[in-house]
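See structure below.
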Amino acid sequence: MLDLSKRKEMLGAMLKVRAFEEKLNELYQNKVMFGSPHSYRGQEAIAVGVCSALVPKDLIASYHRGTGHLVAKGADLYRLLCECIGRLDGYSKGRGGKMHMGDLSFGFLGNTGTVGATVPFATGAALAAKIRGSREVAVSFMGDGAMNQGVVHEAMNFAGLWKLPVIYVIENNLYAMTVSLEKSVAVKHLAERAAGYGFEGKVIDGNDVELVYHETLKAADKARGGEGATLLECLTYRWDGHFGGDPGTGYRAREEIDRWKERCPIRRFKEKLIAEGNLSEAEFEKISGSVYAELEEVSAKAQASPLPPKEVEIESVFAEPELDSANLRASPSGRGQ
Amino acid sequence: MFDKTMEAVALSGTVKEMRIQEALRETLRYEMARDQRVFVMGEDVALFGGAYGVTRGLLQEFGAERVRDTPISEAALVGLAVGAAINGMRPVVEIQFCDLLPLCMDQLVTHAARYHYMTGGRISVPIVIRNKFGTRPGGGPSHSSCNHGAFIPFPGLKIIVPATPADAKGLLLSAIRDPNPVLCFESHHLYGVKGPVPDGDYTVPIGLASVRREGKDLTIVTCGGMVLKVDEAAERLKEKGIAAEIIDLRSLAPLDKETILKSVAKTKRAIIVDEGPIVGGLTAELAATIQENLFSDLKAPVIRVGAAFIPPPHSGPLVEAMVPNVERIETSALRLVGGK
Ligand SMILES: Cc1ncc(C[n+]2csc(CCOP(=O)(O)OP(=O)(O)O)c2C)c(N)n1
């Protein structure tokens, strides 16, 4: 059993993930945000359950619905929000937007808008950890739809073959944009596919933050112990549309959405803690209040921050050659934290 | 605004105002009804009607066998289209945006494009791949590329870039009926633009550019979403007493060298305007073609106005800095005509 302060931290983290998504949506509605949000509401238990089970030097690779992962892994909210709204102070200086970031200071390998593209990156990061014996675990977050990209199969085969310390976390929210899982795959569970690569696959309740935590911890221990990869298929649901302009109702039944909202991961965890006598409504309100207040503050600051200057920096397309020899040792510190 | 072929058709039938996505949809519907071999597949094309609404209603009309939602599997999608085409069908595939074309590059350029030649002409691959392109704020490095020019150097591929609703219909119809793989680039900036579209059966030949506006002082060659900016620049130039001739390429492969060279031979000055990168690709190909053929006629070197050589950025000011704008086109034109 997890200690209480850790559990409350996880509750707060889920609230923070949700508050961030709600803020993004508001900024999109107010035309402050460039591009469209991909709301993570409803899936908070996965980002928080997984990231809470990792140590800071562990790595995650994310995807288009990625802001939740970054908040949970410990991104700086101001820099994250700045990037979403295209400001200079953002993680990518406004160049990448919420789908194109990366920052190793908090173990974030990166994300991109091409579905499935980062799955081999996480796998390769795990390979690096194995080669240098540094015991980091790499987590690859992906949607259910990503499982149909060729490169994902290829990467998973490597992971099985070389026993790489990687965890594939599939956030099965039952839809890829508007196409349901049933119309995309012939198997019942995506986790079945793991058998074909020679590692373990499990289907778990992705709305139960503690379960996600424990399963991730097991998989991470296994990975660190040299026993290779695990695939965790986390069943969940996205509450909102696929992107900002999509009401999300054209291809999903109202009752289905309502049924899943009943299983809200935050409310479930809160009620569990209350039922155990470990949390009061007042305390919950206090945690929630401070999370939302923090976001208001960050949002005001981000909106007052400068846009990038209107100029083309061709030089910055290439990195500068590495001159100091300190990086030549294949150690995690070579990552330039 | 139409070229001569179009005018002839327009005179003979009725003309409706519609947006490009409606024109594309009408074309798919028309050809699916006419030719049982035509079918549509892609991510979200059936139930949802396509990420940009082009295939809306087709599922209801033609059923799930011929209008297919697919898994997110671009490489296989194109490969399957090749197989279906070889086996007698005419697949029209939607790839949601052109940034995803590199995922199916091998199937497309190494195999589909070469099949006819490498099988000694025994097997042809009549597939159409529709996709969206265009750089815009918020699209960022993986959702707003303009890689249409990158496919020019692959023999066996045809490329169309419609810029008006009428051309969208005429070109798409040609593409579906063409026995070769055709890439159709639909500009993000133009989906909502309305224009007249003739009814009934007419095609715009692939490989025929259109003279969008006649002028004697310089030729501006362009395609896709950039036509809007070039139109605006031409208006401004007109106020300054300069008459620009505008050529809308409509097809990038094959390229209509004849129309381009004829125009430049007349005006003796040329600017190539493209939303894609200025390095390599379309602008380079055209500038070289013009200079190779008309070197001694030219009164000034050909100028290229294209996107800066950086990945498409996310933030608005960076996109503005990257993509050609009306001012840049106008200034280049003024520089080109100089003392005139
Ligand atoms: C390779 C690729 N194909 C298509 C798209 C367009 N697209 C963006 S998100 C998405 C659905 C992704 O579904 P899933 O992987 O299940 O993640 P979810 O959005 O459900 O979180 C699609 C089709 C894309 N970005 N990349």
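Helix B:74-86 versus the longest principal axis of chain B: what angle, 0 to 90°, nearest 10, using Cα atoms? Rounded to the nearest ten degrees, it is 70. With Cα atoms defining each centre, region B:36-60 and region A:59-133 are spaced 33 Å apart in the structure. In the assembled protein chains, residue B:98 presents an accessible area of approximately 0 Å² (probe radius 1.4 Å). Computed about the Cα centre, the dipole magnitude for the protein assembly as shown is approximately 800 debye when only Lys and Arg (+1) and Asp and Glu (-1) carry charge, each at its Cβ. Cα centroids of region B:133-161 and region B:187-215: 19 Å apart. Going through the cross-link list A:73/A:222; A:310/B:268; A:31/B:240; A:23/A:183; A:23/A:270, which pairs have a Cα-Cα distance over 25 Å in this structure? In this structure, A:310/B:268; A:31/B:240; A:23/A:183 exceed 25 Å between Cα atoms.
Ligands, DNA and RNA excluded, the heavy atoms of residue A:99 present near 20 Å² of accessible surface to a 1.4 Å solvent probe.
Multiply the residue separation of residue A:32 and residue A:132 by 0.36 nm, subtract the distance between their alpha-carbon atoms, and state the gained length in nm to one decimal.
Extending this stretch completely gives an extra 31.6 nm.
Taking chain A as a Gaussian network, Cα atoms linked when under 10 Å apart, which of A:306, A:265, A:165 shows the biggest mean-square fluctuation? Fluctuation is largest for A:306. Within the listed set A:30, A:111, A:173, the residue fluctuating most in the Gaussian network model of chain A (springs between alpha-carbon atoms under 10 angstrom) is A:30. Each label was represented as a point 7 Å from its Cα along the Cα-to-Cβ direction; for residue B:214 and residue A:55 these points are 7.8 nm apart. If you take the beta carbon distance between residue B:87 and residue B:194 as r and set R0 to 41 Å, what does 1/(1 + (r/R0)^6) give as a FRET efficiency, to the nearest 0.05? Rounded to the nearest 0.05, the efficiency is 0.60. Per residue, chain A reaches -13000 deg cm²/dmol at 222 nm when only DSSP H runs of four or more residues are counted, each adding -39500 (n - 2.57). For the options A:258, A:221, A:76, a Gaussian network treatment of chain A with springs between C-alpha atoms closer than 10 Å singles out A:258 as fluctuating the most. Fully extending the segment from residue A:254 to residue A:211 would add 12.7 nm, taking 0.36 nm per residue of separation and subtracting the current Cα-Cα distance. Using DSSP, restrict attention to beta bridges with both residues in region B:166-255 and report what percent are antiparallel, rounded to the nearest 5. So the antiparallel bridges in region B:166-255 amount to around 40 percent. In region A:13-168, the DSSP beta bridges split such that about 10 percent are antiparallel, to the nearest 5. The calculated FRET efficiency for residue A:218 paired with residue B:105, based on their beta-carbon distance and R0 = 35 Å, is about 0.35. The largest accessible area among A:168, A:175 belongs to the first residue in A:175, A:168, and the rest follow in falling order (1.4 Å probe, all chains). Taking 7 Å steps out from each Cα toward its Cβ at residue A:283 and residue A:174 produces label points 3.3 nm apart.
So if we plug the beta-carbon distance of residue A:276 and residue A:318 into 1/(1 + (r/R0)^6) with R0 = 56 Å, what FRET efficiency do we get, rounded to 0.05? Efficiency computed from Cβ-Cβ geometry: 0.50. Once both labels are positioned 7 Å from their Cα atoms along Cα-to-Cβ, the gap between residue A:261 and residue B:37 label points is 5.0 nm.
The values are calculated or read from the model by the stated rules, or taken from the named source; none is laboratory data. Please read all numbers here as calculations on a predicted model, not as lab measurements. In this analysis, Cβ positions are derived from the backbone assuming ideal geometry, glycine residues included, and neighbour counts consider all displayed protein chains. Just the protein is used for accessible areas: all its heavy atoms, side chains included, with ligands, DNA and RNA removed. Shrake-Rupley method; radii C 1.70, N 1.55, O 1.52, S 1.80 Å.
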